[in-house]
Amino acid sequence: MKIYNQLLNTIKEKGAAYLVLLDPDKLPENKLAGFLKHCEKSGVDGFLVGGSLMVNGDFETFIEKVKVNTNLPSIIFPGSITQVSSFADAILFLSVVSGRNPEHLIGKHVLAAPSIKKSGIEPIATAYILIESGSTTTAIYMSGSLPIPRNKPEIAAATALASEYLGMKLIYLEAGSGADNSVPNEMVKSVSNQCTIPVIVGGGIRNPQTAREKVENGASIIVTGNYFEDENNWDLIKDFASAVHIKQSILV
């Protein structure tokens with residue numbers, strides 16, 4: 001089964017899917033296997049692998065080890081055209097539609113497409129929409145584009161709708177890694193009401209209640225990552241999964 005269809009099935013069965021972002025620069029390899037197993041036991045539905053800027057991590061080796069240690073889907077969340085690997089199951093083929101930098105709308109994609117085809121992994125066309133979060137995130141800086149103001153849900157909704165009409169399969173509302181504020185609930189609701197394709201929300205989600213609020217406002221996929229770089233927070237992964245799986249649990 002294709003990964004995109006698998007995500008759709010998870011959303012249908014559980015109400016929403018919960019993905020954890022793995023940054024090769026941030027998660028030590030000696031803790032990787034334990035973290036992956038803990039995520040599996042806690043109800044995580046899959047992993048995004050990648051980062052906006054990689055300095056120390058070996059992407060190919062890292063994602064190979066991810067695949068060895070888990071049967072859950074491993075989806076590349078690329079920060080550059082070098083983050084392509086045949087060890088992954090799929091890749092989010094991201095276009096930064098919130099900005100007007102042609103390199104991140106189509107330019108880098110032309111360079112990456114042959115490598116993705118050669119790898120044999122599944123590309124999932126994804127409209128990447130950066131949202132103002134209270135700070136300049138790595139994604140904003142590296143893409144060289146302005147985020148959508150957080151008090152302008154109508155701009156986000158129109159951008160997302162245009163992306164769906166262009167054939168995108170996913171909408172990704174991104175506040176950014178370590179964001180001061182998550183994507184506003186009103187914006188999530190506005191985008192979800194306009195679009196028929198799944199809406200991903202990530203960045204600044206630091207507790208299960210916030211994750212649940214995004215789902216209640218229409219998010220189909222929740223992504224967390226930065227919060228679990230602290231091993232002391234690992235025990236909360238199950239609570240996050242329960243909050244996201246709105247059809248299966250009641251948040252206490």
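If the requirement is being in a loop (DSSP other than H, G, I, E, B), under 21 Å from VAL49 (Cβ atoms), under 19 Å from the mean Cα position of the chain (by Cα) and not β-branched (Val, Ile, Thr), which of these qualifies: GLY178, GLY218?
Working: GLY218 fails: under 21 Å from VAL49 (Cβ atoms).
Being in a loop (DSSP other than H, G, I, E, B), under 21 Å from VAL49 (Cβ atoms), under 19 Å from the mean Cα position of the chain (by Cα) and not β-branched (Val, Ile, Thr) holds for just one of GLY178, GLY218, which is GLY178.
Those residues that are more than 25 Å from LEU94 (Cβ to Cβ) and either buried (at least 16 other Cβ atoms within 10 Å of the Cβ) or without any contact (Cβ under 8 Å) to a residue 60 or more places away in the chain (or both), I need them from segment 16-31; list them, please. Quick ask: steps written out before the conclusion?
Initially, segment 16-31 is screened for residues more than 25 Å from LEU94 (Cβ to Cβ), giving 28-31.
Passing the criteria: PRO28, GLU29, ASN30.
Looking at the structure I just gave you, is GLY178 out of contact with any strand residue (DSSP E or B) (no Cβ under 9 Å at 6 or more places or on another chain) and either crowded, with 20+ Cβ neighbours inside 10 Å or in contact (Cβ under 8 Å) with a residue 60 or more places away in the chain (or both)? Before the answer, list the steps.
Working: out of contact with any strand residue (DSSP E or B) (no Cβ under 9 Å at 6 or more places or on another chain): yes; either crowded, with 20+ Cβ neighbours inside 10 Å or in contact (Cβ under 8 Å) with a residue 60 or more places away in the chain (or both): no.
No, not satisfied.
Which residues, taken from segment 118-147, are surrounded by fewer than 16 Cβ atoms within 10 Å (Cβ to Cβ) and either of a type in the set (D, E, K, R) or modelled with pLDDT under 95 (or both)?
To start, the set of residues in segment 118-147 that are surrounded by fewer than 16 Cβ atoms within 10 Å (Cβ to Cβ) comprises 118, 120, 134-136, 138, 141-142, 144, 146.
Answer for segment 118-147, where residues must be surrounded by fewer than 16 Cβ atoms within 10 Å (Cβ to Cβ) and either of a type in the set (D, E, K, R) or modelled with pLDDT under 95 (or both): LYS118, GLY134, SER135, THR136, THR138, TYR141, MET142, GLY144, LEU146.
Go through segment 158-167 and give me each residue that's surrounded by fewer than 22 Cβ atoms within 10 Å (Cβ to Cβ), under 22 Å from VAL223 (Cβ atoms) and either touching a Gly at 6+ places or on another chain (Cβ under 6 Å) or of a type in the set (A, V, I, L, M, F, W, C) (or both).
LEU161
Anything in segment 32-51 that is crowded, with 20+ Cβ neighbours inside 10 Å and either of a type in the set (A, V, I, L, M) or at pLDDT below 95 (or both)? List them, or say none.
Passing the criteria: LEU36, VAL44, LEU48, VAL49, GLY50, GLY51.
Which of the helices (runs of 4 or more DSSP H) contained wholly in segment 52-147 include at least 3 residues that are among the β-branched types (Val, Ile, Thr) and within 29 Å of ASN181 (Cα to Cα)? Step through it out loud before you land on a result.
On the way: elements: 59-69, 108-119, 138-143.
No helices (runs of 4 or more DSSP H) qualify here.
Which residues, taken from segment 56-105, are aromatic (Phe, Trp, Tyr) and touching a Pro at 6+ places or on another chain (Cβ under 8 Å)? Even if it seems obvious, please write down each step before you answer.
In the first step, residues of segment 56-105 are kept if they are aromatic (Phe, Trp, Tyr); the result is 59, 62, 77, 87, 93.
Answer for segment 56-105, where residues must be aromatic (Phe, Trp, Tyr) and touching a Pro at 6+ places or on another chain (Cβ under 8 Å): PHE59, PHE62, PHE93.
Quick check on my filter: what residues within segment 236-252 are modelled with pLDDT of 95 or more and surrounded by fewer than 20 Cβ atoms within 10 Å (Cβ to Cβ)? Please lay out each step first, then the result.
At the first step, the residues of segment 236-252 found to be modelled with pLDDT of 95 or more are 236-246.
Those that are modelled with pLDDT of 95 or more and surrounded by fewer than 20 Cβ atoms within 10 Å (Cβ to Cβ): LEU236, LYS238, ASP239, ILE246.
With the condition kept exactly as written, say whether any residue in segment 155-163 is outside any strand (DSSP E or B) and touching a His at 6+ places or on another chain (Cβ under 8 Å). So that I can check it myself, show each step before the final result.
Our first condition is that a residue be outside any strand (DSSP E or B); within segment 155-163, this holds for 155-163.
With the extra rule that they be touching a His at 6+ places or on another chain (Cβ under 8 Å), the set shrinks to none.
No, there is no match, as no residue in segment 155-163 is outside any strand (DSSP E or B) and touching a His at 6+ places or on another chain (Cβ under 8 Å).
The values are calculated or read from the model by the stated rules, or taken from the named source; none is laboratory data. The structure presented is a predicted model; accordingly, all values stated were derived computationally and were not measured. With ideal geometry, Cβ positions are generated from the backbone for all residues, glycine too; neighbour counts draw on all protein chains shown.
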